[in-house]
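Trainee: Supplied in structure tokens, the structure appears directly below.
Taken together, the values in this text are just the output of simple stated rules run on the coordinates, not laboratory data. If you're wondering where the values come from, they're calculated on a predicted model, not measured in any experiment. Note: ideal-geometry Cβ built from the backbone for every residue, glycine included; neighbour counts use all protein chains shown.
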Amino acid sequence: MPESSSFTARLREARADDAQAICDIYNPFVLESCVSFEETAVKPEEMVQRMRTHGPTHPWLVMESDGSVEAYAYAVPWRVRPAYRYSVECSVYVAPSARRRGHARRLYAALFERLRAAGMHSVIAGIALPNEASVALHEAMGMRKVAHFAQVGRKFDSWLDVGYWQREL
């Protein structure tokens, strides 16, 4: 892993003016892969709304280098019922040009620390399977597989499995 890029990268809270860059990272996953189960590109206005929906207990973070956002991570509520309020779902996305620089691990480490400080107890990640790189990342972050749902999503004329990984904060 090249250290020079991750050494100069800066982790910070996401802002509304990052929405276009976040969409630029995310939308290829939507339109060209089964990583996301969304099927239409997300517009910056929608991304801003997503970022603002849950407030400081569910942070959005970005990794930027030379003024450009190269990766982002966020947390959203796991479920809507009140008893789930201490559990969150997390996601991380890295631009293809910025992969293998440690951005995802740094973002998740910072995200998990902020979630712990906000009183969250459990973090959960859903992964469309197969996805060896995502599984390896989540397990490296101390998460363990807790569920596997067969053929619960359909995209690009294929049925897709989803696994869930979890850890307590």
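Trainee: Express as a percent, rounded to the nearest 5, the fraction of DSSP beta bridges in segment 3-168 (both residues included) that run antiparallel.
Mentor: Of the beta bridges lying entirely in segment 3-168, close to 90 percent run antiparallel.
Trainee: Size of the dipole of the chain about the Cα centre, Lys and Arg at +1 and Asp and Glu at -1 on the beta carbon, nothing else charged, in debye to 20?
Mentor: 640
Trainee: Quick one: Karplus J couplings for segment 78-92, per residue in order, coefficients 6.51, -1.76, 1.60, θ = phi - 60°, nearest Hz, x for Gly and Pro?
Mentor: Result, rounded to whole Hz: 5, 9, 8, 5, x, 5, 8, 4, 9, 10, 10, 10, 10, 8, 9.
Trainee: To continue, here is another question. At a threshold of 8 angstrom on Cα-Cα distance, excluding pairs fewer than six apart, so keeping six or more, what relative contact order does segment 78-141 reach in percent?
Mentor: 39
Trainee: To continue, here is another question. Using modelled backbone amide H atoms (1.01 Å from N, in-plane), which distant-in-sequence or interchain residues come within less than 5 Å of His58's amide H?
Mentor: Sorted by chain and number, the residues that satisfy this come to none at all.
Trainee: Now, a different point. Relative contact order of the chain: what whole-number percent is it, with Cα pairs under 8 angstrom and at least 6 residues apart?
Mentor: 20
Trainee: Something else about it: Count neighbours as other Cβ atoms within 10 Å of each site's Cβ, and list the GluC sites (Glu not before Pro) in segment 34-81 that are DSSP loop with at most 13 such neighbours.
Mentor: When the GluC sites (Glu not before Pro) of segment 34-81 are filtered for loop state and at most 13 Cβ neighbours within 10 Å, Glu38, Glu39 remain.
Trainee: Ranked by Cβ crowding within 10 angstrom, fewest neighbours first, how are Arg106, Arg101 ordered?
Mentor: In order of increasing Cβ crowding within 10 Å: Arg106, Arg101.
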